[in-house]
Amino acid sequence: MTTFFDLYKKGEASGGEFFEQIIEKTYRHVLKNAMRAIDCGASVGRHTIPMAECVGPSGQVFAIEPIPQLAEKLKKLCPTNVEIISAALGNVSRDDVDFFYVKHGVGHGLSALENPDKHPAMQSEWANSIEVIQVPQCTLDELVPVSHKIRFIKMDLEGGEFNALEGARKTILRDRPFIIFENGSQYSATTYHYNPEQFFDLFFEYRYLLFDLFGRQFTRDQWNQPGYPWYLIAVSKFSTDEKYMRESHSDIVQAMK
């Protein structure tokens, strides 16, 4: 049997693509015809287009991408059941925020940073390719019509996921969607100025449980522990999604080649 350590090393060796394959495998299980989903941090459409296939012409995918060049490319690539929204996500709306676009890191960018000079990206090999652009910032609650029940949310916001999840409170409490999001634990918490207690309290308030991408339940004890992929799965307590995570997800991941 493949161990969790083996799965983690496989993900690292693939440059993260194995983790992306698990994400796709998961939403292909969750999403059905005529459902609605949100791809937050759509980038080049790696997940937007397969999600659109899953929900079919009568379904809908909201693809949120703040980098204007990528948003324009998505408009050309995506089918008609995808709505492209060019904005950053956060816990409040603003007309313009500073967005730190890493031009040499495809799809990478960070929004509304305090003390940006102290961010690790500014000290990395990408530092000379960072361009500060102005983009609007929205909350998910404002972007999603109340009449549109959301079944699935994927978030890859380079550390800004916690703020975006705060800004999705009404949507999450109303629709109870299956959520997969990038989580850099202490790295992201330090960058966006929150702490582990605030992180776990948010999901307690939402009545959600957390699992890692391989299907292990994720609690305060696992915060910042090595060997965990930078993606978490959040599911509503006592739901069929929780049942799936407890009974099926790990086996599906183990069976992947």
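The values are calculated or read from the model by the stated rules, or taken from the named source; none is laboratory data. Everything numeric here is computed off the predicted structure, so don't read it as measured data. No Cβ is skipped: glycine too gets one built from the backbone with ideal geometry, and neighbour counts run over all protein chains shown.
Filter region 199-209 for residues that are within 17 Å of residue 160 (Cα to Cα), of a type outside the set (A, V, I, L, M) and touching a helix residue (DSSP H, G or I) at 6+ places or on another chain (Cβ under 8 Å) and give the result.
199, 200
Please identify the pairs in which a residue from region 185-201 that is touching a residue at least 12 places away in the same chain (Cβ under 8 Å) has its Cβ atom under 8 Å from the Cβ atom of a residue that is among the acidic types (Asp, Glu) and assigned to a helix (DSSP H, G or I), counting only partners at least 6 apart or on another chain.
As it stands, the answer is 188/161, since those pairs meet every condition given.
With a cut-off of at least 3 residues that are in contact (Cβ under 8 Å) with a residue 12 or more places away in the chain and under 25 Å from residue 170 (Cβ atoms), name the helices (runs of 4 or more DSSP H) lying wholly within region 1-100.
On the way: elements: 4-13, 17-30, 48-55, 68-77.
Correct list: 17-30, 48-55.
To keep it simple, each residue is scored yes or no on (1) farther than 18 Å from residue 26 by Cβ; (2) modelled with pLDDT of 95 or more; (3) surrounded by fewer than 16 Cβ atoms within 10 Å (Cβ to Cβ); (4) not aromatic (Phe, Trp, Tyr).
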{"site": "141", "(1), (2), (3), (4)": "yes, yes, no, yes"}
{"site": "144", "(1), (2), (3), (4)": "yes, no, no, yes"}
{"site": "147", "(1), (2), (3), (4)": "yes, no, yes, yes"}
{"site": "150", "(1), (2), (3), (4)": "no, yes, no, yes"}
{"site": "164", "(1), (2), (3), (4)": "yes, yes, no, yes"}
{"site": "170", "(1), (2), (3), (4)": "yes, yes, yes, yes"}
{"site": "179", "(1), (2), (3), (4)": "no, yes, no, yes"}
{"site": "183", "(1), (2), (3), (4)": "no, no, no, yes"}
